[in-house]
Amino acid sequence: RFPWVNYQDKNLNISMPIFSIHGNHDDPTGADALCALDILSCAGLLNHFGRSASVEKIDISPILLRKGRTKIALYGLGAIPDERLYRMFVNKQVTMLRPKEDEDSWFNLFVIHQNRSKHGATNYIPEQFLDDFINLVVWGHEHECKIAPSQNEQQRFYVSQPGSSVVTSLSPGEAVKKHIGLLHVEGKKMKMQKIALETVRTFHMEDIVLADHPDLFNPDNPKVTQAIQAFCMEKVELMLDNAERERLGNPRQPEKPLIRLRVDYTGGFEPFSVHRFSQKYVDRVANPKDIIHFFRHREQKEKDDSDLNFGKLVSRPASEGMTLRVEDLVKQYFQTAEKKVQLSLLTERGMGEAVQEFVDKEEKDAIEELVKFQLEKTQRFLKERHTDAEEEKIDEEVRKFRESRKKNTEEEDEEVREAMTRARAHRSEDTVLVAASSDEELMDTGMKGTGDSDDGLPATLSRGSGRARGRARGARGQNSTARGSSRRGRGSTSQETATSSRTYKPVSVPAKNMSVMDGRPSVCP
């Protein structure tokens, strides 16, 4: 690997240093995780950055550049499968490191190559996932040219989407004029200069709906197909004239343009022969076989408006709902809930994190362990303050303690992590115990099924570890009583406490008529 940036090598003459991340078509593969950019980087032709060696946690360290009084922190993240990166962002496994000295004086530039538009539930990266200290995000992978920086209203940073340098598909996004950008940075101010690409093949695209022209086309007319074909020829000729006028005169620009005419023939019309139509433009366009594209919208069944209750229809802004996470919904619920269902011991932040763990990672004990942890800590706090056993004084001290935790977010995050660690340890302990009992069953049934026929073999032997996992989960649901009794025994018997792999005494939520100072713990159902 190249150990330093190429322009600091005394054996190389570099007039224009190039820094590049890899995309999804040249991502590192193989045993050594190499890609095409590694060859160019080892040859000293460019500087490959933004590589991530781990698939579980990513720490993005910036490249620090300084010229005069302007300092730039260049962050980069090469292409990663969108579902995996989405999950890592949700689990807070992506960290962007910042310079220790004068961190607010740096212009933070982030280069990323992922899906920006939503293609599925997790097959994209929402802009809200990125840190708000970033000044400008250069977003790759998307082909539509949106070079002018646009501001994200929530995170307050700007996003520039250069798009592809050539037309790669006959889609509306590719019909936008291709540009590159020259970014000027001075201090914390920036200016993006758009530069049009002169050697790109021109591409014009247009849509027509035949049903929108009832004065020209009647589906009952036997000659309507010839009329449609003549109308399409006029449209194509018009696009060819526009393409010729928009030529920039660069001798390296291809002469034949790309033309696409999409025709919606919904409403009883019939398409004409595309092959015969394309023969007329073989020498004039670069895509004669793809000039015309016929499509038809699916006719939706008419619904009776009387069945609709328009009073229940609430319009929601596009920015709401799609990018909210589970913890945001939990926080929003408790902030708008009635007073009788407000949290008095836990915080909205901690409860939201626990619910997020339950939803995303299927940590079934996450909420229960968080409640126990917070209850333990509150009990210790009240005992240290020697609070009188009066309900009003206890409630007041609990409220003050809760408000102090809400202000100290770092301590609260540490509490949530500790509770989640307990939940994972609890799950691992139960899984090991059930797996051990399953192994004993395998041994017993294996000794019994020693006949000549294979029919006597238990299903566990044929299905392997998948059966054991299913049994482990089922055992947890069926033996909840046994688990609860063992916890109470562990809390009162020293021998069982010594043999337990956990070092804490489980404490559960007290009954509604019990005080928070009650010493005897109970187990949540």
Ordering Lys377, Lys256, Lys67 from largest to smallest accessible area (1.4 angstrom probe), what's the sequence? Lys67, Lys256, Lys377
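Which percent of the accessible heavy-atom area of the stretch 1-154 goes to carbon and sulfur, probe 1.4 angstrom? Walk me through the numbers before you get to the answer.
Values: 4400 of 8810 Å².
Carbon-and-sulfur percentage of accessible area, whole number: 50.
Just flag the GluC sites (Glu not before Pro) in the stretch 169-265 sitting in loop per DSSP whose Cβ has no more than 15 other Cβ atoms within 10 Å.
Details: sites: Glu174, Glu186, Glu198, Glu206, Glu234, Glu237, Glu244, Glu246, Glu255; in loops: Glu198, Glu246, Glu255.
The qualifying sites are Glu198, Glu246, Glu255.
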Over the stretch 4-43, with neighbouring protein chains present, the accessible area per residue in Å² at probe 1.4 Å is 71 Å²
Tell me, what is the 1.4 Å probe accessible area of Asp32, in Å² to the nearest 10? 110 Å²
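Could you provide, to the nearest whole Å², the per residue accessible area of the stretch 188-265 with probe 1.4 Å?
Numbers: 4800 Å² over 78 residues.
Value returned for the stretch 188-265: 62 Å² of accessible area per residue.
The stretch 72-160: which trypsin sites (Lys or Arg not before Pro) are DSSP loop and have at most 10 other beta-carbon atoms within 10 angstrom? The partial results should precede the final answer.
Values: sites: Arg84, Arg87, Lys92, Lys100, Arg116, Lys118, Lys146, Arg156; in loops: Lys92, Lys100, Arg116, Lys118, Arg156.
Taking the stretch 72-160 and a limit of 10 other Cβ atoms within 10 Å, the loop trypsin sites (Lys or Arg not before Pro) found are Lys100.
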The stretch 1-109: GluC sites (Glu not before Pro) in DSSP loop, at most 13 other beta carbons within 10 Å: Glu56, Glu101
So for the stretch 72-115, using the alpha carbon gyration tensor with a ≥ b ≥ c as root eigenvalues (a/c under 1.5 gives rounded; past that, a/b versus b/c decides prolate or oblate), I'd call it oblate
At q = 0.14, 0.21 Å⁻¹, what log₁₀ I(q)/I(0) does a Debye calculation on the Cα points of the stretch 109-240 give, no solvent, two decimals? -0.77, -1.22
Of the listed pairs Lys71/Lys100; Lys223/Lys280; Lys118/Lys191; Lys67/Lys178; Lys223/Lys256, which have alpha-carbon separations greater than 23 Å here? Lys118/Lys191; Lys67/Lys178; Lys223/Lys256
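With a/c under 1.5 counting as rounded, go ahead and sort the stretch 20-160 into rounded, prolate or oblate using the C-alpha gyration tensor (a ≥ b ≥ c being the square roots of the eigenvalues; past the cut-off, prolate if a/b is larger than b/c, else oblate).
Values: a/c = 1.45, a/b = 1.08, b/c = 1.34.
Rounded, since a/c falls under 1.5.
Students sometimes get this wrong: rank Arg402, Arg284 by accessible area, probe 1.4 Å, all chains present, largest first.
Largest accessible area first, the list is Arg284, Arg402.
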Send over the semi-axes of the stretch 182-272's equivalent ellipsoid, whole angstrom and largest first, taken as the square roots of 5 times the C-alpha gyration tensor eigenvalues. 41, 18, 9
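Once the mean 1/r over all distinct Cα pairs of the stretch 1-64 is inverted, what Kirkwood radius in angstroms do you read off?
Numbers: mean 1/r = 0.0778 Å⁻¹.
Result for the stretch 1-64, one decimal place: 12.9 Å.
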Which listed residue (Asn115, Val159, Asn135) has the Cα farthest towards the positive end of the charge dipole for the stretch 77-168, taking +1 on Lys and Arg C-beta and -1 on Asp and Glu C-beta about the Cα centre? Asn115
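The values are calculated or read from the model by the stated rules, or taken from the named source; none is laboratory data. None of the values given here were measured: they were computed from a predicted structure. Cβ: placed from backbone, ideal geometry, glycine included. Neighbour counts: every protein chain shown. Surface areas here come from the heavy atoms of the whole protein model, side chains and all, with no ligands, DNA or RNA. Shrake-Rupley method; radii C 1.70, N 1.55, O 1.52, S 1.80 Å.
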